[in-house]
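Step one of this worksheet: look at the structure below.
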Amino acid sequence: MLVSNSRRRENVLVKGARVLDPVAGMDTVLDVRIDCGVIAALGSDLDSNEHHVLEGSRFVLAPGFVDPHVHLRTPGREDEETIASGTAAAAAGGYCAILAMPNTDPVVDSAAVLSALVDAARTDAVVRVGFLAAISVGQEGERLTEMADLADAGAVAFSDDGLPVASAGLLRRALQYAVITGRKLALHCEEPTLSRGGQMHEGRVSAELGFAGYPALAESVMIERDLALAAHERRPVHLLHLSAATSVEALRRWRELGVDATAEVTPHHLCLTDDAVRSLDPNLKMNPPLRSVADRIALLEALRDGTIGAIATDHAPHAREEKDVPFEAAPFGVTGLETAFAALYTNLVEPGLIPLETLLQRLSDGPARSYGLEPPRVAVGERANLVLLDTETTWKVREDAFRSRSANSWLLGQTLRGRVAATVADGRVVFEESLVG
Amino acid sequence: MADIRMMREPLLPPEPPPRRHLLSISDLARGDVERLFATARSFEQSLEREVKKLPTLRGRTVVTLFFESSTRTSSSFELAAKRLSADTMSIKAAGSAVDKGESLRDTALTLAAYDPDVIVIRHPHIGAPNLVAACSGASVVNAGDGKHQHPTQALLDLYTIQRALGRLEGVHVAIVGDALHSRVARSLVQALALVGARTTVVGPPALVPAGIEALGCETTFDIEAIAGADVVYVLRMQRERMDAGAAFVPSLREYTTRWGITPERLRPGQVLMHPGPMNRGVEVDPRAADDPRSLVQAQVRAGLVVRMAVLYDLLTTGPVPVESAVREEVA
């Protein structure tokens, strides 16, 4: 169940854009007319009537993005992000829907907390939000949450993200109970005794800098365990933020054995390696950490061939005072909603590492399917969930331009090519970049 | 009288010198090391005089900011600054605003308001000196940041080796012990590589970080490998490494048996070094520590003159006045 504050259904005409729907195999210059929030016509020289016109020439019009992994920090850390600021950031990033993780304070582990969030989203959310609920009470890994009640209250899926489900026994019970809820489990795979104290990827750079290492093995060992459990219980799972080549290899192998597992990867793991940590910038500290060149290549390969079907920002806002400290004292996590497309276009599409069509599918259709959500489409009769992309203009990532309440971006000060010109979410224009500058 | 020098250059308004820092050994070129050692050598000679204080840095302010306990490094920096007539101010984390939750940036900004010329900082977190350098107007000296770097320790070790063996190029140093958790090891490996020495890191598997070779050393788990070295450099072995869940080695006893340095493991002609503080009976046998081959006291003395040289070098831009006198000695 995804909710937003959208009431109004708008009449919009997107004129002369290159309409690119990779799933439909569509790539043509067309006008797209939206009547009362629903795509009513695709064609040439459509009449604008009284419609709000989005000038699309030079731009690409694609299905709106879906981010399956966002930390909205609400409740508990509204200084870092709120439903309103987080969804405004999502709109500015081209997202028409996002999924929020339950590791808040309090944790989303009861129907009461979840219902309050869903209600708040009905008034505050600019784009549609779905909430995940915790697998274990307080994310403490001891007792299962009341998963059936939570599912009834609107939980889209279940996850202890931020922490692994350390106990194999508890995860097995959660998988068994998922038959009752019908919801997927989203797994943060980290073997805590291998990652203990780790600040960055264990490798040459950590050896040189002296940081405690968090080996790739800590992720892939847990993926092997979790997929073995999923195989045994015959339940689907979604693997969060893959970072390592060995994890990709494990996923392929278990899939061949028939396990129904989807997976996601973040823009920062696709664009960076642990070498970047030499700058000691706390905005390069995240969990899982940036890994080796070989890991990055394996992730790109898996994204290209579809082994990893979704790109997730793992947007993790942190207050300035929390990140304005030495690397080791800083919390894990970076923001990503407002920079994902530009970062990926600049670092992957422009250099020819992946085609634009693949990127668009992995930002929209892929993540929606991972959680069984209706994928956005550019087709007559569909609710309008669209993104208008300018792939030519360059822009500089500035701290004061974020809609997010936090600015812990690894891209600060960088010049990127590709920006979101407009976002239509659930039949309404939720973001429109001024064409000036 | 002999110290009076003629100004050969015309008197021009001085340019403000570029602010320099010593944050990591990687900030240094080989020529910098040679220049620092020439300066240190001249200071060493001056310390043989009855009045040991030099007026060189009169009117300058050196702040030492220690967020970790330290005896030799903090006292060494403080005495070095005093011997050069600088004003000194020592701040320890305990009892300071840091105890009240002040952030490192705010502490640095507060100190910067006094316009110190040099801030010497030790901090448990990697990169803390870089942060202070970025937000204060002072030259920053890293006196140890987490497990990352301790550049003045590496410089004083090199200086000690050069004074004892008469050379650095081609010297073979075996660094024995917990290299994983050691900023001394990281700085020293880099510094030895910089001056053309050869380094072998020896220790238990979990304490020799895979990938440290990239800094310019060989690695082995076999203590016998120290036989070929000119210098056996022993690292401190900390008890926390045996904590439940860490288990880097099974026990201190087993570590001592396998990797402890005894007089029997030292061959004639080898010298022994240790950055201190020593755990006698753990990583080093007391007999080896007190052996004439031990350079531990020489390291402490070198620490003073090398730190004097570092402070002097950061705060002056002109040529070292005594360089020519000692050039042959360090060449």
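Descriptive notes on the structure:
- Matching residues, the stretch A:248-272, being more than 18 Å from the chain's Cα centre (by Cα), within 17 Å of A:LYS184 (Cβ to Cβ) and among the acidic types (Asp, Glu): A:ASP260
- Scanning the stretch A:133-149 for residues that are under 12 Å from A:ALA178 (Cα atoms) and part of a strand (DSSP E or B) returns a single hit, A:LEU144.
- Some residue of the stretch A:184-202 being at pLDDT 95 or above, away from chain B (no Cβ under 14 Å) and surrounded by fewer than 21 Cβ atoms within 10 Å (Cβ to Cβ): no
- Residue selected from the stretch B:276-300 under the condition among the hydrophobic types (A, V, I, L, M, F, W, C) and not in a helix (DSSP H, G or I), by the criterion farthest from B:GLU78 (Cα to Cα): B:VAL282
- Candidates B:VAL33, B:VAL51: the one that is assigned to a helix (DSSP H, G or I) and farther than 17 Å from B:ASP145 by Cβ is B:VAL33.
- Failed condition for A:LEU272, given (1) crowded, with 24+ Cβ neighbours inside 10 Å; (2) closer than 29 Å to B:GLY127 by Cα; (3) away from chain B (no Cβ under 14 Å): (1)
- Summed over the stretch B:256-272, the residues that are surrounded by 19 or more Cβ atoms within 10 Å (Cβ to Cβ) and in contact with a helix residue (DSSP H, G or I) (Cβ under 7 Å, 6 or more places away or on another chain) give a count of 5.
- Test: residue in the stretch A:301-315 that is closer than 26 Å to A:THR394 by Cα, surrounded by fewer than 20 Cβ atoms within 10 Å (Cβ to Cβ) and either in contact with a strand residue (DSSP E or B) (Cβ under 6 Å, 6 or more places away or on another chain) or touching a residue at least 40 places away in the same chain (Cβ under 8 Å) (or both): yes
- Looking across the stretch B:109-121, the residues that are over 21 Å from B:SER75 (Cα atoms) and not hydroxyl-bearing (Ser, Thr, Tyr) come down to B:LEU109, B:ALA112, B:ALA113, B:ASP115.
Residue-by-condition table, conditions (1) of a type in the set (Lys, Arg); (2) at pLDDT below 90; (3) in the same structural domain as B:PRO277 (by TED's automatic domain parsing):
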{"residue": "B:PRO16", "(1), (2), (3)": "no, yes, no"}
{"residue": "B:LEU36", "(1), (2), (3)": "no, no, no"}
{"residue": "B:GLN45", "(1), (2), (3)": "no, no, no"}
{"residue": "B:ARG60", "(1), (2), (3)": "yes, no, no"}
{"residue": "B:THR73", "(1), (2), (3)": "no, no, no"}
{"residue": "B:LEU79", "(1), (2), (3)": "no, no, no"}
{"residue": "B:ARG83", "(1), (2), (3)": "yes, no, no"}
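- Taking the stretch B:116-227 and the strands (runs of 3 or more DSSP E) fully enclosed by it, the elements with 3 or more residues that are crowded, with 20+ Cβ neighbours inside 10 Å and under 18 Å from the mean Cα position of the chain (by Cα) are at B:118-123, B:139-145, B:172-176.
- When residues of the stretch A:151-166 are limited to those that are without any contact (Cβ under 8 Å) to a residue 60 or more places away in the chain and surrounded by fewer than 21 Cβ atoms within 10 Å (Cβ to Cβ), the one farthest from A:VAL118 (Cα to Cα): A:ALA166
- For A:SER167, the test of being hydroxyl-bearing (Ser, Thr, Tyr) and within 14 Å of another protein chain (Cβ to nearest Cβ) is failed.
- Any hit, the stretch B:103-113, residues being assigned to a loop (DSSP other than H, G, I, E, B), touching a strand residue (DSSP E or B) at 6+ places or on another chain (Cβ under 9 Å) and not assigned by TED's automatic domain parsing to the domain that holds B:LEU180: no
- Taken as a whole, the structure places B:THR56 among residues that are out of contact with any Lys or Arg (no Cβ under 6 Å at 6 or more places or on another chain), at pLDDT 90 or above and more than 14 Å from chain A (Cβ to nearest Cβ).
- Of all positions in the stretch A:61-77, at least one carries a residue that is out of contact with any Cys (no Cβ under 8 Å at 6 or more places or on another chain) and more than 30 Å from A:ASP161 (Cα to Cα).
- Residue count for the stretch B:175-217, restricted to those that are farther than 19 Å from B:ALA229 by Cα, more than 12 Å from chain A (Cβ to nearest Cβ) and basic (Lys, Arg): 0
- Among the candidates A:ARG419, A:ARG369, residue that is assigned by TED's automatic domain parsing to the domain that holds A:VAL53 and not hydrophobic (A, V, I, L, M, F, W, C): A:ARG419
- Looking only at residues of the stretch A:205-261 that are more than 30 Å from B:ILE25 (Cβ to Cβ), among the polar types (S, T, N, Q) and surrounded by 23 or more Cβ atoms within 10 Å (Cβ to Cβ), we find that the one that is farthest from the other protein chains (Cβ to nearest Cβ) is A:SER247.
- Residue ID - nearest to A:LYS184 (Cα to Cα), chosen from residues in the stretch A:275-288 that are crowded, with 20+ Cβ neighbours inside 10 Å and within 14 Å of chain B (Cβ to nearest Cβ): A:LYS285
- The set of residues in the stretch B:129-150 that are touching a residue at least 40 places away in the same chain (Cβ under 8 Å), more than 13 Å from chain A (Cβ to nearest Cβ) and in contact with a Leu (Cβ under 9 Å, 6 or more places away or on another chain) comprises B:ALA138, B:SER139, B:VAL140, B:VAL141, B:ALA143.
The values are calculated or read from the model by the stated rules, or taken from the named source; none is laboratory data. Just so it is clear, the structure is predicted and the values come from calculations on it, not from any experiment. With ideal geometry, Cβ positions are generated from the backbone for all residues, glycine too; neighbour counts draw on all protein chains shown.
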